[in-house]
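Some notes on the structure that comes next.
The values are calculated or read from the model by the stated rules, or taken from the named source; none is laboratory data. All figures in this text were calculated on a predicted structure; none of them were measured in a lab. Using ideal geometry, Cβ is built from the backbone for each residue, glycine included, and neighbour counts are taken over all protein chains shown. Accessible surface areas use protein heavy atoms only, side chains included; no ligands, DNA or RNA. Shrake-Rupley method; radii C 1.70, N 1.55, O 1.52, S 1.80 Å.
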Amino acid sequence: WQVELKPFCLSKFPVTQALFTQVSGENPARFSGANRPVESVSWYDAVQFSNRMSAYFGLQPVYQVGESADDVLVVTKANGFRLPLDAEWQFAAMGGQSSPLYGEIDQIAWFRQNSGGAPHDVGLKAPNAYGLYDMLGNVWEWCFDVYDPEVYGSYRVFRGGGWNDPARGCLATNRRRSHPKYDIDDLGFRLARNVMP
């Protein structure tokens, strides 16, 4: 699997409940805590939040959003916030290494054996070599991509593993998918932006 990526920026942390609430006035999370990642957000929710975040900072929204997930179009030259592409997410998660783990699992991720049955504040585990925290474990993260349209229709990709997964579920190479309106308490997202010329 080889993809040529354009330069992009990726947030250091998953979107927290504090940020989500500040920008949207809402908090859908089932495990409340200002510095915990927001969870229980669908792909469609994450796309809408990306546009709200862009507007909040006076940037051009990346998405034109219709009534359903099938009605989301990308404005390619927009300078606003967006979901990472699947390939961008994996590139960032690998942190320039070839291993699907960027360190000892207990040191880098919250997963079933160490989470105590809940997500934790972001940034408490060690970052990868690119300075990104919680790329593995804590909450899965939505990507923009459709998983396999011929087999799964509009199902979207999410990556990274969550607080309720075994250690083997928290790898930079793991990929799952679900309906764009699906939400659950171990699924969140982080934001990306294009690097503008």
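Numerical summary
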item	result
Test result for Ala92, of a type in the set (A, V, I, L, M), touching a residue at least 60 places away in the same chain (Cβ under 8 Å), in a helix (DSSP H, G or I) and open to solvent by less than 60 Å² (accessible area, probe 1.4 Å)	yes
Residue list for region 186-197, restricted to those being in a loop (DSSP other than H, G, I, E, B), touching a residue at least 60 places away in the same chain (Cβ under 8 Å) and open to solvent by 40 Å² or more (accessible area, probe 1.4 Å)	Val195, Met196
Qualifying residue in region 38-49 (condition: under 20 Å from Asn194 (Cβ atoms), in a helix (DSSP H, G or I) and open to solvent by 10 Å² or more (accessible area, probe 1.4 Å))	yes
Test: Ala78 is of a type in the set (Gly, Ala, Ser), assigned to a loop (DSSP other than H, G, I, E, B) and touching a Gly at 6+ places or on another chain (Cβ under 6 Å)	no
Number of the exception - Leu73 against (1) surrounded by fewer than 20 Cβ atoms within 10 Å (Cβ to Cβ); (2) in a loop (DSSP other than H, G, I, E, B); (3) touching a strand residue (DSSP E or B) at 6+ places or on another chain (Cβ under 8 Å)	(2)
Yes/no for Lys12 being closer than 25 Å to Leu136 by Cα, over 12 Å from the mean Cα position of the chain (by Cα) and in contact (Cβ under 8 Å) with a residue 60 or more places away in the chain	no
Residues of region 50-70 satisfying the condition of being surrounded by 20 or more Cβ atoms within 10 Å (Cβ to Cβ), over 15 Å from Gln17 (Cα atoms) and touching a Lys or Arg at 6+ places or on another chain (Cβ under 8 Å)	Val62, Tyr63
Filtered residues of region 115-132 (kept if open to solvent by 30 Å² or more (accessible area, probe 1.4 Å) and under 13 Å from Gly161 (Cα atoms))	none
